[in-house]
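The block underneath contains the structure these notes are about, expressed in structure tokens.
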Amino acid sequence: MSTKSKLQTERNKQKESLKNEIQSANLNCADCGQKSPEWVSINLGVVVCLSCSGIHRSLGTHVSKIRSICLDDIPLTTLAVLQKLGNAKVNQLLEHTIPSSFIKCNPNSEGYVLCKLFFYSGLYFVREKFIKEKYMLKLFVNPNDQKSHEELNCQLYQSAKLEDLLSILEAICHGGNVNCVSSDLSQNGRTPLHAASLENKELSVELLLQNSASHSVKDADGKTPRELAVNSNFYKIVDILDSYDPFSSGRKKRSIEGDDKSLESED
Ligand SMILES: [Zn+2]
């Protein structure tokens, strides 16, 4: 077997192992509780059922990027992010407080409810209403966790350096700017993606890119995150950055993973 084939076989084994870990750690849909969910939101880090995945898709890829954990060829770093996040942690953030006046959907939620959503009153599908409130309006995050934009951006920057994925997601969900420039002059005008690339934090880079971080932005020295990674010989970081389309904030149709190329669905 050639070295390339051996690497591919090893990578496939790692993928299967991570998929099994993700599925055994997420036995129920993050939104409705349906058993054995098989769809993942790769930017939000949750596992959902087929019915809920359809609502996620309808929100647009700027809100949720859905893949099939069984049918799609999901890159290793994306699976590793999912394994680190998962329903329990992300729901602690996005379902922190659900007021009694709101209806959480369940596996049998097929009815409609008369309510006001996005300034319009009307009949809304219960499942659709809950998922929009949870992920688009972020109505159920901790109401006592009030931070300024400056504090959220600082949290993003520090969490990216430390590869604290839940803290990155929390800052984004509370309104942090994923492309913020550090106000600390010693950080040389860098963004969280610069910081993660410079610290060789692959999972931070992956999660930031999934959430629309720009990899063409330059620091005070005119360096992009990719140039910082190349200068430090962090070639796995370079591979991840190169696999993203700078114009769509999604992965390229043909993305590089290690030294082989795998087909990816475009966002
Ligand atoms: Zn569901």
Examine region 49-68 for a residue that is within 16 Å of the ligand (Cβ to nearest atom), out of contact with any strand residue (DSSP E or B) (no Cβ under 9 Å at 6 or more places or on another chain) and open to solvent by 70 Å² or more (accessible area, probe 1.4 Å), and state whether such a residue exists. yes
So in region 1-48, with the set limited to residues that are within 16 Å of the ligand (Cβ to nearest atom) and small (Gly, Ala, Ser), which one is nearest to His96 (Cα to Cα)? Ala30
Looking at Ser186, is it part of a loop (DSSP other than H, G, I, E, B) and of a type in the set (Gly, Ala, Ser)? no
So is Lys116 away from the ligand (no atom under 16 Å from the Cβ), open to solvent by 70 Å² or more (accessible area, probe 1.4 Å) and modelled with pLDDT under 90 or not? yes
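The values are calculated or read from the model by the stated rules, or taken from the named source; none is laboratory data. All of these numbers come straight from a predicted model, not from anything done at the bench. Note: ideal-geometry Cβ built from the backbone for every residue, glycine included; neighbour counts use all protein chains shown. Heads up: the accessible areas ignore ligands, DNA and RNA and are worked out on the full protein's heavy atoms, side chains in. Shrake-Rupley method; radii C 1.70, N 1.55, O 1.52, S 1.80 Å.
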